[in-house]
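Notes for the one structure printed next.
None of the figures in this text is laboratory data; all of them are computed from the coordinates on show. Owing to the predicted nature of the structure, the values given are computational and were not obtained by experimental measurement. We place every Cβ from the backbone using ideal geometry, glycine too, and count neighbours over all the protein chains shown.
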């Protein structure tokens with residue numbers, strides 16, 4: 001278990017990590033989520049004892065990383081796939097790592113085999129593609145067969161094949177009962193990979209919960225209604241104490257959104273009772289992106305104004321379409 | 001000692017240390033060939049062991065560059081972080097690196113000095129180049145010690161500066177220029193020069209040598225300390241700098 005207590009890191013006047021406390025439970029994949037510059041990498045470096053916290057501490061099974069004996073057998077980490085000497089072969093890179101923790105030479109071959117680099121083991125690491133470098137980094141992390149694994153943005157810059165490979169690999173590691181902490185700013189990726197989430201923004205903890213809870217809590221469902229009798233229907237719904245909002249949606253004209261955890265059944269029945277014509281009735285479930293933006297919206301360090309506009313146009317991936325009537329109607 | 005194994009694997013699994021070592025050995029031997037190869041008659045008879053060694057300082061520089069690069073390339077490519085992750089006891093890891101680099105530098109120092117002496121004996125076969133005084137043994141075998149200690153110096157500077165160009169500039173400018181320029185400072189200049197670390201390193205080698213052809217005073221004459229004290233003084237500087245470097249590396253963020 002990884003446990004952070006009041007973890008703080010200051011660089012001059014900048015506070016990179018601000019009084020951060022969280023737990024990473026064993027045997028699960030925990031996503032470490034936050035926008036770029038939120039302090040994820042700094043936190044991971046502090047977990048590994050590379051950076052010293054300004055205050056607070058982080059422990060692995062109650063021990064600080066710097067006090068670990070043969071740390072690679074306890075914690076494996078891939079923070080940056082480029083942290084390899086370009087003229088050193090993949091095998092030599094793993095060889096010195098193995099020697100540092102008194103691991104047998106066979107562990108090197110095993111790790112190479114696990115990530116599928118055996119055939120290029122004697123090639124210089126500088127000639128590797130990003131995907132291969134990433135695999136080499138993972139081989140290094142797995143070298144000591146550790147219970148705890150840390151990965152910083154492992155899918156960044158990878159092609160789809162590489163992404164699927166990493167994702168499958170993470171699940172395999174968790175299935176083997178290991179503790180996995182994966183950082184990412186890609187929320188959809190975390191939804192597929194992580195069971196638990198630690199969400200941070202501007203160095204502060206925003207949420208710690210299961211992925212499901214996080215999405216449920218942060219984003220209620222909305223019902224999208226297209227009707228020619230827009231104002232009339234809004235009035236009807238308001239009478240029933242429902243919150244409505246009318247928005248201009250591109251190509252569709254004015255659209256009515258009903259807030260609160262409602263089903264399309266309720267809205268449909270209300271429309272029928274008052275003789276309202278419906279062109280579309282759609283349940284929109286909040287996506288992880290929306291939940292994330294909603295919760296970290298204030299904490300993005302460098303805000304572009306366009307970003308906010310972009311969020312509202314994000315379509316929920318699993319929106320249940322209950323269209324009443326053909327769209328060509330208007 | 002796993003840190004020794006780690007640093008040995010690291011050093012020998014890239015090519016540049018090999019090149020540095022070959023160049024360092026070849027330079028001293030090559031210079032000896034140049035200084036002794038064209039000697040004729042009376043000049044040849046005046047050749048001494050001292051004049052087979054002019055390339056040694058250059059080789060020493062090359063080995064210092066290798067020693068500094070052994071650290072700074074780790075910072076450049078980020079492998080220092082992987083290293084500290086594998087061995088969180090940073091001082092132990094860096095001392096392991098220092099030991100490996102210093103040992104190799106010492107070996108190269110010995111190959112260079114005795115190799116140069118061998119070539120000199122071959123070319124200037126009419127001169128008396130037999131090693132028969134303590135001072136002559138000190139000049140040749142001592143080169144190994146001087147190479148080792150300067151490698152420690154270089155590793156320490158590399159740890160403190162963390163950057164190849166800066167570290168190499170300091171390591172070359174300090175012994176070659178700074179220690180000579182302080183001479184120009186009125187009143188204290190002479191003392192500063194006499195007590196400079198690298199000056200004491202060469203004082204250890206040069207005291208009591210027969211400079212022969214090179215003329216008296218070729219190896220300096222103003223020595224602050226007796227040979228072995230001078231060596232200890234030089235080593236003291238290296239140890240002090242290394243201590244500062246290790247404390248700094250343990251405290252700073254990697």
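Here are the numbers for this structure:
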| read-out | value |
| --- | --- |
| Pair residue A:145, residue A:19: separation of 7 Å Cα→Cβ label points (nm) | 4.4 |
| Two-decimal ratio, the range B:13-130, of alpha-carbon radius of gyration to 2.2 N^0.38 Å | 1.39 |
| Estimated Rh, chain B: Kirkwood, alpha-carbon pairs, angstrom | 18.9 |
| Average partner coverage of B:74-84, which counts Cβ from other chains inside 10 Å | 6 |
| Rg ratio (alpha-carbon, reference 2.2 N^0.38 Å) - chain A | 1.23 |
| Packing-based order for A:248-259, A:13-24, using average beta carbon neighbours within 10 Å, highest first | A:13-24, A:248-259 |
| Efficiency of FRET between residue A:159 and residue A:277 - r from beta-carbon atoms, R0 56 angstrom, step 0.05 | 0.70 |
| Distance from the range A:17-73 to the range A:80-152 (C-alpha centre basis), Å | 22 |
| Radius of gyration, Dmax [the range A:16-170; alpha carbons; angstrom] | 15.7, 46 |
| Ranking of A:40, A:123 by count of other Cβ atoms within 10 Å, fewest first | A:123, A:40 |
| For A:68-74, mean number of other protein chain Cβ atoms within 10 Å | 2 |
| Hull shadow area, averaged, the range A:158-206 [alpha-carbon convex hull, nm²] | 3.9 |
| Label-zone membership for the range A:133-171, site residue A:70, 7 angstrom Cα→C-beta point, backbone N under 12 Å | A:144-146 |
| Per-residue Cβ neighbour rank within 10 angstrom, fewest leading, A:274, A:279, A:85 | A:274, A:279, A:85 |
| Inter-label distance, nm, simple model (7 Å from Cα along the C-beta direction), residue B:226/residue A:119 | 7.0 |
| Cα Rg, Dmax (largest Cα-Cα span) when computed across the range B:139-223, Å | 14.5, 43 |
| Ratio Rg/Rh, restricted to the protein assembly as shown and using Cα atoms, in which Rh is the Kirkwood radius | 1.19 |
| Average partner coverage of A:87-98, which counts Cβ from other chains inside 10 Å | 5 |
| Order of B:38, B:204 - criterion: other Cβ atoms within 10 Å of each residue's Cβ, fewest first | B:38, B:204 |
| Computed Rg/Rh of the range A:112-171, alpha carbon atoms with Kirkwood Rh | 0.94 |
| Additional length obtainable on full extension of the chain from residue A:59 to residue A:110, 0.36 nm per residue less Cα span | 15.5 nm |
| Using a Förster distance of 30 Å, the FRET efficiency for residue B:141-residue B:163 (Cβ separation, nearest 0.05) | 0.30 |
| Förster radius 45 Å - calculated FRET efficiency between residue B:240 and residue A:130, Cβ distance, rounded to 0.05 | 0.55 |
